[in-house]
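These notes concern the structure reproduced below.
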Amino acid sequence: MVFIERMKFTALFTLSALLSVAAVQTVQGQVSVSVVLDQDIYLSGEAVIATVEITNLSGQTIQLGESPNWLEFSIESKSSNPPYVNRLGEMDMSGTFELGASMTARRSINILPYFEILKSGLYEVVASVHLPYWDGTYYISPKATFNVFNGVEILGFDVGVPKLDKEGNPVGGIPEVRHYGVIQVAYLDKMRLYVRISSQNRQVYYKVVQVCGMLSFSDPRAMIDPQSNLHILNQIHAKRFIYFVCDPNGTVLKRHFYDYYNGSRPRLAQNEDGSIVVRGGMRMQTSMDYPPTPAVEQPPSIVTLPGDSITNAVPDLDKMTKEEKKRYKEEQDRIKKEQKRLEKEQKKLRKAAEED
């Protein structure tokens, strides 16, 4: 199995005054090293982001990053015998910087391309920092553990991906075929939904994208649009659904949320031109929307009830379903009643003020 990903290193160092040192960190020769993973459960092929924290307690400034291997990782499989995990490549972590006394530096990197960790099982990762000018001492972090799961593919689609030139324009010829796998992973009380993009024969993984959490009764639905983008609608709460769209490269294009509202359940539908839309339910604007949704501008005289959504946009009634028209009319009636109520209250206040 081969994993393909652009090796984009998050080589951002942040220095901050040291307030405390976590109890799990090991202090050796006045240098503390720890490694933290962004999560403890991964789908096979998903990026494993490890963040290393190095704290300088030596009372003097130290220099790091002089050699490519000043920071190294080692991984063991706790689910196989022998536990050795094959290394797929060498990391070049070079980049000299100084770390002042009582300061902490952090560096994050995706370690997946460098180790054979695609098989299901439990793994342990350790980070080590090499200081050659201190007698070549290695400072080793405590172990961090994580699980890898293959998951269960509940939906799958093969799509064509046109060949493009450097400017992103189609160049013609036979398109590449890629596979969308909508994968469910269940671990203890956690259930998650992923999209895994691979070659048609499933031998090459291009990208793994986490979509959302799942419920035991979730029934994800998915469709493909004319641009080979994948659209997913999945229930994540008793009344809430997530609408997720990504392209064949794994780029997230859209993440919206809809509520089951007034007997109307959200569903995926296809227009005559092949485009995919969500019909039914009520669109809910949240901080998790992508692209980010601007705050809704509401007249100050209008007070919304919990779960309501008011926008200043004028909908196209001709394109609405009967259920959507019904919900829109109910919403407009509610707004008018609320406006009348507020107007009456304002008249009472003005009258009371005149009498005083």
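What to note about this one:
- Filter result for the condition that a residue is surrounded by 14 or more Cβ atoms within 10 Å (Cβ to Cβ) and touching an Asp or Glu at 6+ places or on another chain (Cβ under 7 Å), over GLU66, GLU76: GLU76
- For MET284: the one exception among (1) buried (at least 17 other Cβ atoms within 10 Å of the Cβ); (2) within 18 Å of ARG221 (Cβ to Cβ); (3) aliphatic (A, V, I, L, M): (2)
- Checking the stretch 280-288 against the condition returns no match, with no residue being closer than 20 Å to GLY156 by Cα and assigned by TED's automatic domain parsing to the domain that holds GLY160.
- Qualifying residues in the stretch 101-115 (those that are within 25 Å of ILE62 (Cβ to Cβ) and in contact with a Phe, Trp or Tyr (Cβ under 9 Å, 6 or more places away or on another chain)) - the one surrounded by the fewest Cβ atoms within 10 Å (Cβ to Cβ): SER108
- Residue within the stretch 49-58 that is in a loop (DSSP other than H, G, I, E, B), of a type outside the set (Phe, Trp, Tyr), touching a residue at least 24 places away in the same chain (Cβ under 8 Å) and in contact with a Gly (Cβ under 8 Å, 6 or more places away or on another chain) present: yes
- The set of residues from the stretch 157-172 being in a loop (DSSP other than H, G, I, E, B) and either farther than 15 Å from ASN229 by Cα or of a type in the set (S, T, N, Q) (or both) comprises LYS163, ASP165, LYS166, GLU167, GLY168, ASN169, VAL171, GLY172.
- The stretch 204-233, subset at pLDDT below 90 and not small (Gly, Ala, Ser), residue surrounded by the most Cβ atoms within 10 Å (Cβ to Cβ): MET214
The values are calculated or read from the model by the stated rules, or taken from the named source; none is laboratory data. From a predicted model like this one, the values you see are computed outputs, not experimental measurements. Glycine gets a Cβ as well: all are built from the backbone with ideal geometry, and neighbour counts include every protein chain shown.
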